[in-house]
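Trainee: One structure, as structure tokens, below. Some questions next.
The values are calculated or read from the model by the stated rules, or taken from the named source; none is laboratory data. In this text, all values refer to a predicted model and were calculated from it rather than measured experimentally. Because the Cβ atoms are built from the backbone with ideal geometry, glycine has one as well, and the counts that use them run over all protein chains shown.
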Amino acid sequence: MGALLFKIGKVMACPYRKEIKNKRYVPNNENKGVAPEPIDERQRLVGVGCGKCAVCKRKEVASWRVRLQMELEYNKRKVHFVTMTLNDEAYMELIGRDLVRVCRKYKRQLSI
Ligand SMILES: [Zn+2]
């Protein structure tokens, strides 16, 4: 990957960033087909990262780190963070089931 990484302030920006239409200013069912006019025409487009490059992955990790730290601070009781990797069979078994029940089941099996 030969893309140059560049910075905006202290935050790295996705080198594959693209602009998409800002949904706020697009006619839809919510605004009954009459989209509001933006104050500035530049607001019609918003920049989004690709979600696949190293910069986007790093941002995702940082975002999860903040969420988990907040959860730890908020929930003073014992907190467990579990990452599960499922094979196709187990994944298919989960589809359509109540995830809260499934998590409770695994929690019991792991004695946590
Ligand atoms: Zn990216």
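Trainee: When LEU110 is evaluated against the numbered criteria (1) hydrophobic (A, V, I, L, M, F, W, C); (2) more than 24 Å from GLU19 (Cα to Cα); (3) surrounded by 11 or more Cβ atoms within 10 Å (Cβ to Cβ), which criterion, by number, is the only one it fails?
Mentor: Every listed condition holds for LEU110 apart from (3).
Trainee: Of the conditions (1) in contact with a helix residue (DSSP H, G or I) (Cβ under 8 Å, 6 or more places away or on another chain); (2) away from the ligand (no atom under 16 Å from the Cβ); (3) not basic (Lys, Arg), ASN31 satisfies every one except a single condition; which number is it?
Mentor: The number of the failed condition is (1).
Trainee: Can you tell which of GLU73, GLU30, GLU60 is surrounded by 11 or more Cβ atoms within 10 Å (Cβ to Cβ), among the charged types (D, E, K, R), under 24 Å from the mean Cα position of the chain (by Cα) and at pLDDT 85 or above? Spell out how you get there, then give the answer.
Mentor: Values: GLU73 fails: surrounded by 11 or more Cβ atoms within 10 Å (Cβ to Cβ); GLU30 fails: surrounded by 11 or more Cβ atoms within 10 Å (Cβ to Cβ).
Checking each option against the conditions leaves just GLU60.
Trainee: Further question: For region 1-27, give me each residue that is part of a loop (DSSP other than H, G, I, E, B), hydrophobic (A, V, I, L, M, F, W, C) and at pLDDT below 90. Spell out the reasoning first.
Mentor: Step one: of region 1-27, the residues part of a loop (DSSP other than H, G, I, E, B) are 1-5, 9-10, 14-17, 22, 26-27.
After this cut, where a residue has to be hydrophobic (A, V, I, L, M, F, W, C) as well, the list is 1, 3-5, 14, 26.
Within region 1-27, MET1, ALA3, LEU4, LEU5 qualify.
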